[in-house]
Structures are given as structure tokens and as C-alpha cells.
Amino acid sequence: LNAAPGRAPRQQIRFLPAPAPGGGGAVELVAARVPVLADHPLVRGPRFRKLKIGAGHRLDVKASGVFVLGIGHGNKLLTDLYNCHLTKVYTVGGLFGKATDDFSDTGNLVEKTTFDHITREKLERILAVIQGTNQKALLMYSNIDMKTQEAYELAVKGLLRPMGKSPPIITAVRCLQFALPEFQLEIHCLHETQQYLRKMVHEIGLELKSSAVCTEVRRIRDGVFTVDDALPRTQWNLQSIQEAIRNCQLKVETELEKTLG
Amino acid sequence: RGSGVAAGPPRTRQLQEAEEAAPVFQYAGKAARRKDRVFVWGFSYSGALGVPSFVRPDAGWKKPRRIQPTPYRLETEEKISSAACGYGFTLLASCTRDITKVWGMGLNKDSQLGFQRSRRDQTKGYEYVLEPSPIPLPLEKPQQTRVLQVSCGRAHSLVLTDSEGVFTMGNNSYGQCGRKVVEDEIYSGNHLIHQLKEFDSRVVQVVCGQDHSLFRTKRGTVYACGWGADGQTGLGHYNITSVPTKLQGDIAGVNIIQVSSYGDCCLAVSDEGDVFGWGNSEYLQLASVTETTQVNVPRHLPFKIGKVKEAACGGTGNVVLTEEGNVFVWGYGILGKGPNLIETAVPEMIPPSLFGWSDFSPDIRVAHVRCGLSQFAALTNRGELFVWGKNLRGCLGTGRMEDQYFPWRVTVPGEVVDVACGVDHMVSMVKSFT
């Protein structure tokens, strides 16, 4: 970063003595534009000594996916994005037939059950009911009086969302793949933790009169940032980072503008 | 990948062997069937919910529960196929061939639940029935006839069978039971259950208004009897009728596929998707065709909202469901479009996003609409129940006591198949998930 060409040094106007155009000896003041010595790289030193990097929504050790970081001014944008309360999308993989103590496939086994009675239809019914109850929670925690016209209009547009602290809420669930005993869900949620998603997989198993553990939690979207914008391990270099920041700037600005006004 | 063993971090062989040797439990076999359940909620002191412990608690320290604000499961002996809520009482019917086909609970001061012999005094009947009690119907072939549908009004009830016509019981002071009005008849403790068989074809739907009855036959004709002071019998006069008579007016010759009524206004839907209305119009229910407040002849309501599939009438508001799955409301009261819409004579559509429709789930449609006296209920094709309207004594089932100005989901542990709305309570038939 420090090797890149920095800002041009500031210019200032000074009156310097210069020999007069007429005869010898007389000194005249001539206005000239000269660089300020304080801005010289040898005086100032390297431009960047420390970089302030902040992290966005947490991602725990066993999960993977999009992780948003803010650099410098981006830290302030991070707080604004947090206050927007945008949904995050996860792909959650599950496995029927086992129940463990920490709801993932690496925990200690608690129970094994049969799962041949489970069909895709039953799973989708349970998902519909989860969506329904969470939809109710969405409206309840949004802290708007249900009796006002304003509440009705926001509810019609689907913009009613909790704008403050709330327990984890799932706005949408969908079954992507179903091949007994494995299945994969796409979950859109707010204010959640990955352990809550694993617990949800466990509870889906219980509801279907069997048991399930969570094999994979992968965040594919965090607010406006999707997997396409994210940089994989091989691209963690200055060039790609700068390009990524430039590409996302516009998106972030429009989103903040829209939500926070 | 292996058969169900996930590739986790390297584990000790002992742990893996212990896991494989663990016993496998079976909670549900491959042939597990979904169970049919009945959920009730609302005002319980009339006994209409059918749970005696709400009215008379079984332990001394328990308090009676006046209102059940959320759905409560009611244990029934048979699968209930049809239910109806009246004004403080409920009828449940099952399409079984056993002798007991209909159960009733709630108010029985006009024998709307038939004669329930009191255990204390063998000559008198119960005035409040707290538990679903069988209603003895005078059937000729009790082990072959099936009960198709039941309907309840303010103080009378109708039971429709497949081969023995319609049975009516309860208050008959306006001829709503289809038999001649007897002066000074005492309805309490009355054993009489009247049977109606003289229609031009088999009756396929019975509907009770507040004090009148409507019968729809297979041919698409509609018969009515009962009170007519608001024109709700649709027979061209404002007197009472004690014998079911065919309706004429705009529905003469039209094949009607559904009739609905609960208060004093009636709606009928034809097979071509047209809506006809008659009866009370004080709340702008029929104001699109007439300025008068009572209409005693069926009139066609010229709404340009598409082909109508189902209609439901409430006390002051009406709702229709079109073929595309859109819900339209009009009338007076809390119509479901926020607190600002109190009355309208022209149907207004309720946005489908309030029923769960979104870009993420675009195939959610409303499948049925039902009306109580001042509430509305809608069932989607995913089995979700939405209610809105006045929350009289907790009848909406949302868990709160406030009125609901736009459709709100009711959390029921199952897929709702049908719902019956009353004045201050509701009954729903639900299939469990697995």
C-alpha cells in the first residue's frame, strides 16, 4: 500500500527572491508555486502505518461463507449497515437419523432414529409452519402499533421488520435438496447465530418424529454482500481488495440511503 | 460419502464403534397416518367450546377460564367432517355410519341441540351442554345414512343427510325450522326434531342465517323459510315463511353453486361466477344495486372483479373469493384493509402479500373464506389460517384481546382444513403434520 504512488504534495505560493530582470544586484520578489516541504515523503514518512479493520456479523468456527470486513472509514459504514437490520441468507445442510449434544455432526451422539417415513412433502409442511410463526414474530417485534394505518401499509409492502434488538427471526425457508438421509435448506434470517440454525435443524428433526444434525452452515449473503462479491483465500491481495471495495461502494450507499434515509 | 456417516474430524475408533452399536429408535413407521384434530377457541362460559373444565374446573384451586385466546385441542371420538358455530353453541358432525353422527355443545335453551336428558331429573333437559353430547336424530336407517353437513343460526340448527333430507331443531317462532309456527310453544326441553324432504331435488347445502334458513338443491335452486322482515328469505315479501319456498328474482333459472348467510344478509354464487344478494342492506352490503335498506328479492350484484368462486356473509360485512385467489371485502366494520377502511359499497381487494404471498413463495393462494358475525377467516392452500375483524371475547384466536385490522396468522399446530366462525368462538378442523 505504501509503495503505491501517494497523494501529490500540497502546493503553496511563496514569494521568493529572484534576480531582477533589469541590471545586476537588485533583488525582486517573485511569486512562485513550490511544494510544501512538510509534505515531502522523506519528512512525513510512510502514509499508512496502521490500518483499522472492523468485522461485520459474526461467523463461528464451524461455519463458512461471506464475512464482511470494514477498513478505515468502512468501520463507520459497518455500524450503519448493522442498524439497517438486513437479512442474511444461509445454506444449511442436515442429516437425518442422528441427534448429538451440540446439534452438529461432530458432537457426542445422543440418539439414533429411523427416518424412512420422512418425505419431501412432510418437510415442506414443517418449513411452511416455521415460516408462518416467524412471520408473526416479525410483525410483533417490529414495535409498531398494529392498529394504525401505517402498520397496515408497511405490512402490505412487506417492509415491517424489527428495527431494534429482537430474538432470531427467520423470514423465509426453502428446501433446496432432499435425498434421504441428507437435505439442504436455504434460510433467510435476522439477528441469528449459527448455533441457532443448528438448533433449528435439530428441531425440524424432532418435529418429523425422527432426529437430525446439521452438517454444514454456509452464509451466502450478508445484507448487500453476496458470494460473488466475496474474495476467496487465493485473492487476498491488495489489487483484488481495492477492486472489491470499489465495486461494492455504490451498492452500500444506495442501501443505506434507502433504509436510513 | 458413506451411508449416513458424515466426514467429521478424525475420531477415535472406539467412539465410532460405539456410535455404530447404538440402538436405533423408531418413533413413526412408514405407514404413519396424519391425524385429524379439532381445535376450538373463544368464549367458553356458554359451553360452546366443549371443554367442561373451563366452566367447572375439576380441581378446587383452578379458576374457570372465561376466554380461550389461542387454539385448544378438543378430543373427539370420531373424525369430524363438518362443524358449525351458532350464537353460543356448536355442532360437530362426522360422516360415519355409526348411530351417533352429530354432537352438540353450548346453549340449549331452545333445544337447538335436541333434547339432552338431564341426569338429575329424567323429565327435564339440560340448558347448557358443556361437553360434546350426541344428538339423537330420528333416522329411518341410522346405520346407512350419513350426515353431510350441519349449520347453526341464532337459536336453531339444521342437519343435512345424504338420503333422508334435512333435520331441523330449535326455535321455530319465525318458522325457521320449516314447520308451522305454534303459538306459545315452549322450546326449552322440546323433543321435536322436524324432517324436511319436499324439495325439487336432493339438498346439497344448508345455511342458517340469524332467524332464517336457506337450502340449496342439486339442481341449483334455493329454498328459504323463516323470518323475512329484512327480506332475507328473498321471497318478495317481508313476512315470515314457515314452509321452505323456492326463490325467484334474479336467480330463477340460474344454477347456484354456493349460498351463504350468517346475519340478515344473504349471498349466492352461480356456476358462472356471478354474485347475487338479498336481505339486509343497512350496512351497504347491497348498495351497489339499490339505495333501499332491505331487498326482498335476489338481485344480481354487478361487480367487475372476475369469476367468483366462494362468498361468505357476515353480520355487517361480506367477503368473496375469486378464481385467481384474490379476496374482496365490502360492507361495514373492520374489513381488513387497515383502520381507515370502515365502510365501502364496492368490493375492495385485500393485497395477497398479507396472506403470505411474496417473491419467495409465489404460489400461495387463498383457498376458502369464512365469516363470523363480525370477523373474517381465510384459509390458504398451505393450510394456514388468517383472521381479521372485531375480536369479540377472544374469538380471533390470535392470543391478544385487541381487534385485528388486517389479516393475521393464527398459530395452529397442524394444517387447517376447515374453520367455522361463530359470534364469539371458532372451531377448526386440522390435520396434524406428520
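Listed values, structure above:
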{"quantity": "Selection status of A:Gln242, without any contact (Cβ under 8 Å) to a residue 12 or more places away in the chain, of a type outside the set (D, E, K, R) and either in a helix (DSSP H, G or I) or under 22 Å from B:Val24 (Cα atoms) (or both)", "calculated": "yes"}
{"quantity": "All positions within the stretch A:111-137 that are more than 8 Å from chain B (Cβ to nearest Cβ), surrounded by fewer than 17 Cβ atoms within 10 Å (Cβ to Cβ) and touching a residue at least 40 places away in the same chain (Cβ under 8 Å)", "calculated": "A:Arg120, A:Glu124"}
{"quantity": "Set A:Gly93, A:Gly107: member being outside any loop (DSSP other than H, G, I, E, B) and either touching a helix residue (DSSP H, G or I) at 6+ places or on another chain (Cβ under 9 Å) or within 14 Å of chain B (Cβ to nearest Cβ) (or both)", "calculated": "A:Gly93"}
{"quantity": "Residue list for the stretch A:138-171, filter: at the interface with another protein chain (Cβ under 10 Å from one of its Cβ atoms) and either within 13 Å of A:Cys189 (Cα to Cα) or of a type outside the set (D, E, K, R) (or both)", "calculated": "A:Leu139, A:Met140, A:Met146, A:Thr148, A:Gln149, A:Ala151, A:Tyr152, A:Ala155, A:Val156, A:Gly158, A:Thr171"}
{"quantity": "Residue list for the stretch B:19-51, filter: among the small types (Gly, Ala, Ser) and either surrounded by fewer than 21 Cβ atoms within 10 Å (Cβ to Cβ) or under 18 Å from B:Ser432 (Cβ atoms) (or both)", "calculated": "B:Ala21, B:Ala22, B:Ala28, B:Gly29, B:Ala31, B:Ala32"}
{"quantity": "Residue satisfying all of: in the stretch B:353-380; more than 10 Å from chain A (Cβ to nearest Cβ) and over 15 Å from the mean Cα position of the chain (by Cα); farthest from A:Glu153 (Cα to Cα) among these", "calculated": "B:Asp363"}
{"quantity": "Within the stretch B:304-358, tally of residues that are surrounded by 22 or more Cβ atoms within 10 Å (Cβ to Cβ), among the β-branched types (Val, Ile, Thr) and farther than 27 Å from A:Ala128 by Cα", "calculated": "3"}
{"quantity": "Residues satisfying the stated conditions in the stretch B:52-78, i.e. in contact (Cβ under 8 Å) with a residue 24 or more places away in the chain and surrounded by 14 or more Cβ atoms within 10 Å (Cβ to Cβ)", "calculated": "B:Pro52, B:Val55, B:Ile67, B:Gln68, B:Pro69, B:Thr70, B:Pro71, B:Tyr72, B:Arg73, B:Leu74, B:Thr76"}
{"quantity": "Residue match in the stretch B:292-303 (condition: part of a strand (DSSP E or B), surrounded by fewer than 20 Cβ atoms within 10 Å (Cβ to Cβ) and within 14 Å of chain A (Cβ to nearest Cβ))", "calculated": "no"}
{"quantity": "Set B:Thr96, B:Thr123, B:Thr70, B:Thr100: member being of a type in the set (Val, Ile, Thr), in contact with a Gly (Cβ under 9 Å, 6 or more places away or on another chain) and assigned to a loop (DSSP other than H, G, I, E, B)", "calculated": "B:Thr123"}
{"quantity": "Single match in B:Gly104, B:Gly175 (criterion: of a type in the set (Gly, Ala, Ser), at negative phi and surrounded by 15 or more Cβ atoms within 10 Å (Cβ to Cβ))", "calculated": "B:Gly104"}
{"quantity": "Residues of the stretch A:206-235 that turn out to be away from chain B (no Cβ under 14 Å) and within 23 Å of A:Lys88 (Cα to Cα), as a count", "calculated": "15"}
{"quantity": "Candidate set: the stretch A:174-205, residues that are at the interface with chain B (Cβ under 9 Å from one of its Cβ atoms) and at pLDDT 90 or above; chosen: the one farthest from A:Gly223 (Cα to Cα)", "calculated": "A:Glu182"}
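Every residue, every condition in (1) within 24 Å of B:Gly372 (Cβ to Cβ); (2) in a strand (DSSP E or B), yes or no:
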site	(1), (2)
B:Gly42	yes, yes
B:Phe54	yes, no
B:Lys63	no, no
B:Tyr87	yes, no
B:Gly104	yes, yes
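The values are calculated or read from the model by the stated rules, or taken from the named source; none is laboratory data. Here the structure is a predicted model, which is why all the values come from computation and not from measurement. Please note: Cβ atoms are built from the backbone with ideal geometry, for glycine as well, and neighbour counts cover all protein chains shown.
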